[in-house]
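Below is one structure, written out as structure tokens; the observations come after it.
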Amino acid sequence: MSIQQIKDICISKLSRKRKLVIQYALDFPDKVVLMRMEEFAHHLGVNPATVVKACKAVGLNGFFELKELLKQEVQLTRVDSVFTGMIREVKSQDNPQKVAQDAILGDIMMLQKTYEAMDFEVMEKIARAIISSNHTYIVGLAHIGLVAKYMERICRSAVPQIHASTEYHGELFLNMDHFSDKDVVVGICLDKCQNQTIEALKFAKQRNATTVAIVDSNLSPLLEYSDLFILINSSHSYYFGAMVGAYSVVNAIFYSMANILKEETVARFKFFRDMSEKQNIYKI
């Protein structure tokens with residue numbers, strides 16, 4: 001059963017309340033996937049049993065199966081809208097300066113909205129979990145590998161046990177084999193979510209590791225397997241727009257870690273400064 005097959009069914013032949021349930025789900029899938037059945041029924045002013053009967057009337061086992069189909073539809077639509085939006089943006093503008101201005105303003109607005117919605121208690125929990133971990137593995141594949149490598153580089157300024165997995169298959173599989181209940185596994189997915197990132201976080205959950213998701217959608221499949229998560233408020237106007245938010249979040253996590261490890265951080269940067277001066281690395 002698919003959403004298209006449901007659409008092909010003559011919904012008009014359903015009873016009024018059942019038609020209301022199915023039609024609303026098809027018209028507003030992004031809203032319905034975030035609701036529990038009781039909330040959905042209350043929102044429509046029907047009995048939860050009516051929701052179940054409506055689902056069965058179109059060949060589904062129940063509300064959960066309907067939500068799973070809607071979730072797939074929302075993800076596919078969202079991915080398509082990213083590329084469609086980018087193409088539309090490129091075609092609609094003949095002024096490179098205006099496009100550059102819009103891109104920077106979009107990033108500023110995205111960071112502002114991310115900041116306003118951020119749960120900084122969660123960010124502190126993530127920082128403390130990384131500090132106390134035996135190992136922290138950061139999974140970021142394809143272009144997200146840039147963020148994963150940056151997180152590895154900057155967080156190793158605070159603690160040494162950080163490992164970034166940016167390659168498919170071999171490297172990732174070897175790291176997965178080391179996952180344990182004393183580790184933290186961070187999964188990063190922006191715009192689209194790679195299946196292997198999902199599988200890695202799921203596997204980490206099975207190994208009882210502390211799992212963290214950095215995503216830009218509250219529909220991200222990573223959330224199902226995360227103990228802690230950070231949501232970047234991306235407008236998706238530009239394909240790489242969420243990357244800016246991800247870098248900013250990584251910076252914030254590092255600064256939280258540095259503050260918790262204040263004495264060690266100060267000593268480490270003094271060591272770095274002294275070594276830099278001794279080796280005459282920078283030209284003043």
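Could you name the lysines whose alpha carbon sits less than 18 Å from that of Lys262, not counting residues in the same chain fewer than 8 places away?
Of all the lysines, those that pass the test against Lys262 - Cα under 18 Å, at least 8 places apart if same chain - are Lys125, Lys270.
Count the net charge of all other residues whose Cβ sits under 14 Å from the Cβ of Glu224, scoring Lys and Arg as +1 and Asp and Glu as -1.
Details: positive: Lys67, Lys71, Lys202, Lys205; negative: Glu68, Glu199, Asp227.
Counting the neighbours of Glu224, the net charge comes to +1.
Divide by every residue of the chain the summed helix terms, -39500 (n - 2.57) for each DSSP H run of at least 4, and state the resulting mean residue ellipticity at 222 nm, rounded to the nearest 500 deg cm²/dmol.
-19500 deg cm²/dmol
Which lysines have a Cα lying under 26 Å from the Cα of Lys71, excluding residues fewer than 8 positions away in the same chain?
Excluding near neighbours in sequence, the set is Lys7, Lys13, Lys17, Lys19, Lys31, Lys53, Lys56, Lys113, Lys192, Lys202, Lys205.
I want the antiparallel fraction of DSSP beta bridges within the chain, as a percent rounded to 5.
Counting DSSP beta bridges with both partners in the chain, the antiparallel share is about 5 percent.
What FRET efficiency comes out for Glu65 versus Gln206 if R0 is 22 angstrom and r is the Cβ-Cβ distance? Round to the nearest 0.05. Mind dumping the intermediate values first?
On the way: r = 24 Å, r/R0 = 1.10.
Rounded to the nearest 0.05, the efficiency is 0.35.
Taking the Cβ of Thr210 as the centre, find all other residues whose Cβ is under 12 Å away and add up their charges (Lys, Arg: +1; Asp, Glu: -1).
The answer is +2.
Per residue of the stretch 224-234, what does 6.51 cos²θ - 1.76 cosθ + 1.60 with θ = phi - 60° give for ³J(HN,Hα)? Whole Hz please, x for Gly and Pro, Karplus curve as stated.
4, 10, 9, 7, 9, 8, 10, 9, 8, 8, 9
So what's the net charge close to Ala200: Lys and Arg +1, Asp and Glu -1, counting the other residues with Cβ under 15 Å from its Cβ?
On the way: positive: Lys202, Lys205, Arg207; negative: Glu167, Glu171, Asp177, Asp183, Glu199, Glu224, Asp227.
Taking every other residue near Ala200 into account, the sum is -4.
Please list, in chain and number order, the residues 5+ apart from Ser165 or on another chain whose amide H is under 5 Å from its amide H, with Hs placed from the backbone.
Ile138, Val139, Gly140
Which whole-Hz ³J(HN,Hα) couplings does the stretch 177-188 yield from phi under the Karplus relation 6.51 cos²θ - 1.76 cosθ + 1.60, θ = phi - 60°, glycine and proline marked x?
5, 8, 4, 9, 6, 9, 10, 10, 10, 9, x, 10
Amide H neighbours of Ser234 under 5 Å, counting only residues 5+ apart in sequence or on other chains, H built in-plane at 1.01 Å?
Sorted by chain and number, the residues that satisfy this come to none at all.
Measure off 7 Å from each Cα along the Cα-to-Cβ vector at Ile281 and Ser157, then give the distance between these two points in nanometres to one decimal.
1.1 nm
Rank Lys192, Lys270, Lys125 by mean-square fluctuation in a GNM of the chain with C-alpha springs under 10 angstrom and give only the top-ranked residue.
Its mean-square fluctuation being the largest, the pick is Lys270.
Please find the FRET efficiency linking Gln23 to Ala117, where r is the Cβ-Cβ separation and R0 is fixed at 22 Å, and quote it to the nearest 0.05.
FRET efficiency, Gln23 to Ala117: 0.10.
So for the chain, averaging the separation of alpha carbon pairs under 8 Å that are six or more residues apart and normalising by length, what relative contact order in percent results?
Relative contact order, the chain: 17 percent.
Could you state the angle between the C-alpha long axis of helix 48-57 and the longest principal axis of the C-alpha atoms of the chain, as a value from 0 to 90 degrees rounded to the nearest 10?
For helix 48-57, the angle is close to 80 degrees.
If packing is taken as the mean number of other Cβ atoms within 10 Å per residue, what is the order of 135-144, 41-50, highest first?
Top of the packing list down: 135-144, 41-50.
Given that just one value was derived from the coordinates, which of (i) 21.1; (ii) 13.1; (iii) 19.9 is mean projected area of the Cα convex hull in nm²?
(iii)
Each reported figure results from applying straightforward, stated rules to the coordinates on display, with no laboratory input. Predicted, not measured: the structure shown is a model, and the values here were computed from it. Cβ sites come from the backbone with ideal geometry, for glycine too, and all protein chains shown count toward neighbours.
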